[in-house]
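**Student:** Please find one structure pasted underneath; my questions will follow.
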Amino acid sequence: METRRVADILKNGQPEETVIIKGWVRTKRELKGFAFTEVNDGSSLAGLQVVLDNEIPDYDTIIKKVNTGASIEVAGKLVPSQGKGQKIELKANSVIIYGEADLETYPLQKKRHSFEFLRTISHLRSRTNTLGAVFRVRNACATAIHQFFQEKGFMWIHSPIITASDCEGAGELFTVTNLNLNNLPKNDAGEVDYSQDFFGKPAYLTVSGQLQAEVMAMAFQNVYTFGPTFRAENSNTSRHLAEFWMVEPEMAFCDLEGDQNLAEEFLKYIFKYVLETCPEDMEFFNKWINKTVLATADNIINNEFARITYTKAVELLEKADKKFEFPVEWGIDLQSEHERYLAEELFKKPVIVSNYPKEIKAFYMRLDEGEKTVSAMDVLAPNIGEIIGGSQREERLDVLERRIQETGMESDDLWWYLDLRRYGTVPHAGFGLGFERVVQFMTGMTNIRDVIPFPRTPLNAEF
Ligand code: 4AD
Ligand code: MG
């Protein structure tokens, strides 16, 4: 007989059906001659209540081994439950113990653990209610993303993880090398001789797949990447990871407004999809993690995002009756406190800020008329701040060459990127969504380290 998933049994199971389940014991309550246990197989927040009594073979030895954390297989019959909290339960006919778990040392005891503690046992924390719910929602977000783009005819493209270009020009690169670090080859100037390195020149882990996505958009029109990206920024915040997943759509024949429209439609779609497919998990977050999660989701789906220019944003911030740690004036990069004020306090919904000063943005963004600002846009979300960053790209060869110079990028390295402007250039635009930030936003989890299975942050690469 095929193993059934607990989620399926809780939804569709009928009394008198015989089933087999496999999973991990969450709790056990032993009474005289019988016991209740809850078995969770990861398919849903709720486990299945299993009743074991002394009619099952080897009851006395088995019951000693059915402890929190143990892996078991149960065959039996579904019966209506007498207890509160579930309408159906499983009356076991036989139990197989796969792996015992020592009661004394199993770290996940039946009490509330802090998220800090759970991070120290990332190999076990997915078996808790909260992390289980997070990773189911994360999976649903990923599914929603692919579904959204595939329905719209975007092609999923695979940008390289190893690259020689610093897309964002921010110098937050991890170097990839197989040189002997204890005995580095040097050139006459005393610098590391990368010609002897694996790729014959410096190579890095990618900070963004955008430049390659632009290449592909110039052949397939609408494309998207969805993969890991890396940033060696030494910021120990609740919103930064050294390794995070990014979704980067890129559209040919598209301008900044089209880009903003896509970003808004995209976020709404993800929220709607997750609410529909993970209602239990979302209710759990609303109850235990952040009581505004469902209202926020509703707000996202049903309201238009605010759209303002950077110049307007600065005006609003200057007028705010609030003291900011970083003073506001035209030209500054908006800090998290500014972003959150706009989204959380002023508009109380996502805000798209556009046309930032060129000095604080990347070389590839299209220069606006007047040449002070570029066609950039950031989507700022309540609680999170920047969740999406994007722009219309500079499609004019001469202007792009000038911008590369001004920003101190190496144009020799970008010859292929410039070629796109030589051969069949078109207006095009795209953005990057921080995947963990959207999961954070959905679930209300306060720390980004708790929405990725194995977080990579400064001084931390365990597991
Ligand atoms: O704003 P960013 O740096 O934009 C780009 O990389 C562009 N190349 C995207 C594009 O236009 N195709 O990053 C995009 C998003 C941010 O808005 C943020 O949500 C997320 O990536 N992000 C991070 N998420 C977690 N940890 C970090 N260290 C992040 N840095 C950026
Ligand atoms: Mg950004």
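**Student:** Restricting to the range 151-172, name every residue that is more than 17 Å from Val223 (Cβ to Cβ), at pLDDT below 95 and either exposed (fewer than 14 other Cβ atoms within 10 Å of the Cβ) or within 16 Å of ligand 2 (Cβ to nearest atom) (or both).
**Tutor:** Asp166, Glu168, Gly169, Ala170, Gly171, Glu172 - these are the residues of the range 151-172 that are more than 17 Å from Val223 (Cβ to Cβ), at pLDDT below 95 and either exposed (fewer than 14 other Cβ atoms within 10 Å of the Cβ) or within 16 Å of ligand 2 (Cβ to nearest atom) (or both).
**Student:** Oh, and also: Out of the residues in the range 365-390 that are open to solvent by 20 Å² or more (accessible area, probe 1.4 Å) and within 11 Å of ligand 1 (Cβ to nearest atom), state the one that is nearest to Thr446 (Cα to Cα).
**Tutor:** Result: Glu386.
**Student:** When the residues of the range 125-150 are narrowed to those that are hydroxyl-bearing (Ser, Thr, Tyr) and part of a helix (DSSP H, G or I), which ends up nearest to ligand 2 (Cβ to nearest atom)?
**Tutor:** Thr143
**Student:** Collect the residues in the range 374-421 that are among the polar types (S, T, N, Q) and more than 16 Å from ligand 2 (Cβ to nearest atom), keeping them in residue-number order.
**Tutor:** Once the filter is applied, which keeps residues that are among the polar types (S, T, N, Q) and more than 16 Å from ligand 2 (Cβ to nearest atom), the range 374-421 yields Asn383, Gln405, Ser411.
**Student:** Is it fair to say Ala263 is open to solvent by 50 Å² or more (accessible area, probe 1.4 Å) and part of a helix (DSSP H, G or I)? Steps first, please.
**Tutor:** Numbers: open to solvent by 50 Å² or more (accessible area, probe 1.4 Å): no; part of a helix (DSSP H, G or I): yes.
When the stated conditions are applied, Ala263 does not pass them.
**Student:** Determine which member of the set Arg421, Arg456, Arg393 is within 27 Å of Leu262 (Cβ to Cβ) and in contact with a strand residue (DSSP E or B) (Cβ under 8 Å, 6 or more places away or on another chain).
**Tutor:** Exactly one residue qualifies, and that residue is Arg393.
**Student:** Something else now. Restricting attention to the range 172-200, report how many residues are touching a Lys or Arg at 6+ places or on another chain (Cβ under 7 Å) and part of a loop (DSSP other than H, G, I, E, B).
**Tutor:** Residues flagged as touching a Lys or Arg at 6+ places or on another chain (Cβ under 7 Å) and part of a loop (DSSP other than H, G, I, E, B) within the range 172-200 amount to 2.
**Student:** Within the range 226-249, work out how many residues are part of a strand (DSSP E or B) and away from ligand 2 (no atom under 16 Å from the Cβ).
**Tutor:** Qualifying residue count for the region: 4.
**Student:** Hey, among the residues in the range 396-406 that are free of Cβ contacts under 8 Å to residues at least 40 places away in the same chain and open to solvent by 60 Å² or more (accessible area, probe 1.4 Å), which one's farthest from Ala217 (Cα to Cα)?
**Tutor:** In this case the residue turns out to be Gln405.
**Student:** Among the residues of the range 323-354, how many are part of a loop (DSSP other than H, G, I, E, B) and under 20 Å from Phe431 (Cβ atoms)?
**Tutor:** 5
**Student:** Going by the conditions given, is Thr206 surrounded by 20 or more Cβ atoms within 10 Å (Cβ to Cβ), within 23 Å of Arg449 (Cβ to Cβ) and in contact with a strand residue (DSSP E or B) (Cβ under 6 Å, 6 or more places away or on another chain)?
**Tutor:** Yes.
**Student:** Inside the range 408-463, can you point out the residues that are over 25 Å from Leu241 (Cβ atoms) and free of Cβ contacts under 8 Å to residues at least 12 places away in the same chain?
**Tutor:** Passing the criteria: Glu410, Ser411, Asp412, Trp415, Asp419, Tyr423.
**Student:** Taking Gln221 as the residue in question, decide whether it is under 28 Å from Thr425 (Cα atoms), more than 16 Å from ligand 2 (Cβ to nearest atom) and of a type in the set (S, T, N, Q).
**Tutor:** yes
**Student:** Between a residue in the range 184-196 that is of a type in the set (Phe, Trp, Tyr) and any residue that is surrounded by 12 or more Cβ atoms within 10 Å (Cβ to Cβ), which pairs come within a Cβ distance under 6 Å, given they are 6 or more apart or on different chains?
**Tutor:** Close Cβ pairs (under 6 Å, with a partner that is surrounded by 12 or more Cβ atoms within 10 Å (Cβ to Cβ)) amount to Tyr194/Pro202.
**Student:** Working only within the range 41-71, note down all residues that are polar (S, T, N, Q) and farther than 12 Å from Lys28 by Cα.
**Tutor:** Within the range 41-71, Ser43, Ser44, Asn54, Thr61, Ser71 qualify.
Each row is one residue, and each column tells you yes or no for (1) modelled with pLDDT under 95; (2) open to solvent by 10 Å² or more (accessible area, probe 1.4 Å).
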position	(1), (2)
Gly408	yes, yes
Trp416	no, yes
Asn447	no, yes
Asp450	no, no
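**Student:** Here is a list: Ala219, Ala213. Which entry is open to solvent by 40 Å² or more (accessible area, probe 1.4 Å) and either under 24 Å from Ile404 (Cβ atoms) or in a helix (DSSP H, G or I) (or both)?
**Tutor:** That would be Ala219, the only listed residue that is open to solvent by 40 Å² or more (accessible area, probe 1.4 Å) and either under 24 Å from Ile404 (Cβ atoms) or in a helix (DSSP H, G or I) (or both).
**Student:** Pick from Ala101, Ala92: which is assigned to a strand (DSSP E or B) and either assigned by TED's automatic domain parsing to the domain that holds Thr27 or among the β-branched types (Val, Ile, Thr) (or both)?
**Tutor:** After ruling out the rest, the residue left standing is Ala92.
**Student:** From the list Arg437, Arg393, exactly one residue is near ligand 1 (Cβ under 10 Å from one of its atoms), of a type in the set (D, E, K, R) and open to solvent by less than 10 Å² (accessible area, probe 1.4 Å). Which is it? Walk me through it before giving the result.
**Tutor:** Details: Arg437 fails: open to solvent by less than 10 Å² (accessible area, probe 1.4 Å).
Only one candidate passes the filter, namely Arg393.
**Student:** Let me ask something else about it. Taking the options Lys32, Lys64, Lys91, Lys84, name whichever one is open to solvent by 20 Å² or more (accessible area, probe 1.4 Å) and in contact with a strand residue (DSSP E or B) (Cβ under 7 Å, 6 or more places away or on another chain).
**Tutor:** None of the others qualify; the one that does is Lys91.
The values are calculated or read from the model by the stated rules, or taken from the named source; none is laboratory data. In this text, all values refer to a predicted model and were calculated from it rather than measured experimentally. Glycine gets a Cβ as well: all are built from the backbone with ideal geometry, and neighbour counts include every protein chain shown. Remember, those area values only see protein heavy atoms, side chains included, never the ligands or the DNA or RNA. Shrake-Rupley method; radii C 1.70, N 1.55, O 1.52, S 1.80 Å.
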